[in-house]
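Structure first, then comments.
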């Protein structure tokens, strides 16, 4: 239907353009004719030059609009509906940074990369500001969706400190790809996942992608590829990770008027001297201002005197907050976790005194949960039932009390979830300590285990998982069970779970091949490393299938020869619930060798050649997709894609010092590339047919190339000039090698000679 509508619009505009062209032609004739024309057309005869100009302009505009409609991507490509518009808290105070960020994202045009960024220490309100930017009418109109008028194409994604390592970053990129486009292609390489997302975004209209709480460059880089209509708005504490061209908008302490508005929101009037003292004691820090406001509000709701309550809180802040507040000339270093914890300690301790008995302990226990995650209330109830005998109803009531004090965020949708600000979570974890975290994680694991049936190993040689962990249905628990097992000090149990084929099947179905591989790499023991490698070797084949349940069969056939998985695969195949199943009648022709580390995917056409750097840390490949790719040897990550050739790239050679490389192409050129920057530093021309191969002399001063034009050319590296053309072959010359001493070279040809 959408294609038909767009086609109809283009046809209509084309018809209008043809009509205008006819009228334009008539007006042109009138410019030299004098006979009277019938009806209203005589106006053209009487005013020919005015008509010529007016209708000519209209024809140009119509043609431009028609071309724009043809080039513009459709409003949606069967994408999932965008998320509902974000809501700004009632207490939010507009700031200059909000307006600056909104203007920047709206003026971003088609630039690739970050258009604007918000940075600063935790708790200064970066996330709230980004939310306010997304809610502004101008931004919503700029990224409006023609298919879902009430839902602009604005996507807010939280990254967080815990998304670290290539597996976790790749999984996050895949998650975002699914969130925006519905595409379920899996990658275990962040660069490849980011390139795929970029290609999909290139086909879509304007999108605002908000990347909240970015900590490392490795988290951000995959999201910066492609997507010429995608604007990235990033919140981060580390401005150094932003590209040089990024617009930086610093967010630090609020102005006096802004801080006063947050502090006194919905409160009875307070003495001016007391407000001034509280502003100083809180350092005008957004998080601390909000906590103080909620604490005073809750006390007043119970009948307390506002002034007395504010004085008590001021006393706590002065005696338990950072010592720096007593020195007006000193600036808080709130990026220091110790000072952050000290700053929030007074407010949190004051707020928790308003909780029912046991409430402060229950709140502290929330520190065991994953950062920047929505935690289902039923999961919280499992923990609190084990630690404090709370029912689920009591858990929900306590969570509501904590939300009123702004100690957490409560979302009632989907059964209810809570989330913690990372500054508050850091404080809670410091209060628990290592021993407390291990004890509470163990309590949570035991509580979850009590809800699951017992399970036996699939094979006598497999570790005992004890419980049917793969029967969990909660997404949070599936994603973080291994983390909680490790935090509880139960590494052996984590190995048993992550190494059980039933768990791998569940995680593969739930999150794709990156998920079970990530579980094993998090454990990182001698037992799990070869298991993780076996999944990495075959991950590129574990893409969604039709029918979907056939994916498990593909998994079984790929793991059938691995000594750890093979007994479990046999056991699963004999399970009647798994019938019908896919089995191997003979060894697979592409079965991975035990020595295979991984398969590198990313090229979109035949891969023609490969060269390995002298130090063995990276390699380069060429392809018929006209690109050259640089790969990291240890991680398998594509670190650079070199573009410039306009046709198939045949061959690559790397200089002995590893600082540059040379490639040959069907486009008849040789290109020299700088390894560090990925830029083409020279284009050598002279061959009259496709250039087949290249070799670099040991001293790096010259190189030799062969071509379909039956010649071999020698080039000076410094000047890029051809210093010799060697002839003698009677057919295309395929390959060349240079002797170590650089005194001779050898070539091969289709004329059957060397």
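Bear in mind that the values in this text are calculations on the coordinates, not laboratory data. Please read all numbers here as calculations on a predicted model, not as lab measurements. All Cβ positions, glycine included, derive from the backbone under ideal geometry; neighbour counts span all protein chains shown.
If you take the square roots of the eigenvalues of the alpha-carbon gyration tensor of the stretch 401-465 and sort them as a ≥ b ≥ c, do you get rounded (a/c under 1.5), prolate (a/b over b/c) or oblate?
Verdict is oblate for the stretch 401-465.
Explain nothing, just the number: relative contact order of the stretch 654-754, from Cα pairs under 8 Å at least 6 residues apart, as a whole percent.
Over the stretch 654-754, the number comes to 19 percent.
For Cα pairs less than 8 Å apart in space and 6+ apart in sequence, what is the mean separation divided by the residue count of the stretch 487-570, i.e. the relative contact order in percent?
In percent, rounded to a whole number, it is 24.
Once the Cα gyration tensor of the stretch 449-525 is found, what semi-axes does its equivalent ellipsoid get, as square roots of 5 times the eigenvalues, in whole Å, sorted largest first?
Computed over the stretch 449-525, the values are 16, 14, 13 Å.
Would you mind computing the Rg to Rh ratio of the stretch 528-597 from its alpha-carbon coordinates, Kirkwood style for Rh?
Computed over Cα atoms, the ratio is 0.95.
Classify the stretch 627-754 as rounded, prolate or oblate, taking a ≥ b ≥ c as the square roots of the eigenvalues of its Cα gyration tensor: rounded when a/c is under 1.5, otherwise prolate if a/b is larger than b/c and oblate if not.
Prolate is the answer for the stretch 627-754, as a/c is 1.5 or above and a/b outweighs b/c.
Give me 735, 450 ranked fewest to most by other Cβ atoms within 10 Å of their Cβ, as a rough exposure proxy.
Sorted ascending by nearby Cβ count, the order is 450, 735.
For the stretch 207-280, how big is Rg over Rh, using alpha carbon atoms and the Kirkwood form of Rh?
Result: Rg/Rh = 1.20.
Going by how many other beta carbons lie within 10 Å of each one, how would you line up 693, 374, fewest first?
Neighbour counts put them in this order, fewest first: 374, 693.
Semi-axes, largest first, in whole Å: what does sqrt of 5 times each Cα gyration tensor eigenvalue give for the stretch 533-659?
In descending order, the three semi-axes are 37, 17, 11 Å.
Once the principal axes of the Cα atoms of the stretch 359-433 are found, what is the range along each, listed largest first in whole angstroms?
Sorted from largest, the Cα extents of the stretch 359-433 read 28, 25, 21 Å.
Highest mean first, what order results for 85-92, 712-719, 262-269, 437-444 on Cβ atoms within 10 Å?
437-444, 712-719, 262-269, 85-92
For Cα pairs less than 8 Å apart in space and 6+ apart in sequence, what is the mean separation divided by the residue count of the stretch 96-250, i.e. the relative contact order in percent?
Result for the stretch 96-250 is 37 percent.
Can you pull the semi-axes for the stretch 453-578, root of five times each eigenvalue of the Cα gyration tensor, sorted largest first, whole Å?
Taking √(5λ) for each Cα gyration eigenvalue gives 20, 16, 15 Å.
Once you sort the root eigenvalues of the Cα gyration tensor of the stretch 96-250 as a ≥ b ≥ c, which label holds: rounded (a/c under 1.5), prolate (a/b larger than b/c) or oblate (the other case)?
Oblate, since a/c reaches 1.5 and b/c is not below a/b.
Please rank 495, 466, fewest neighbouring Cβ atoms within 10 Å first, as an exposure proxy.
Ordered by Cβ neighbours within 10 Å, fewest first: 466, 495.
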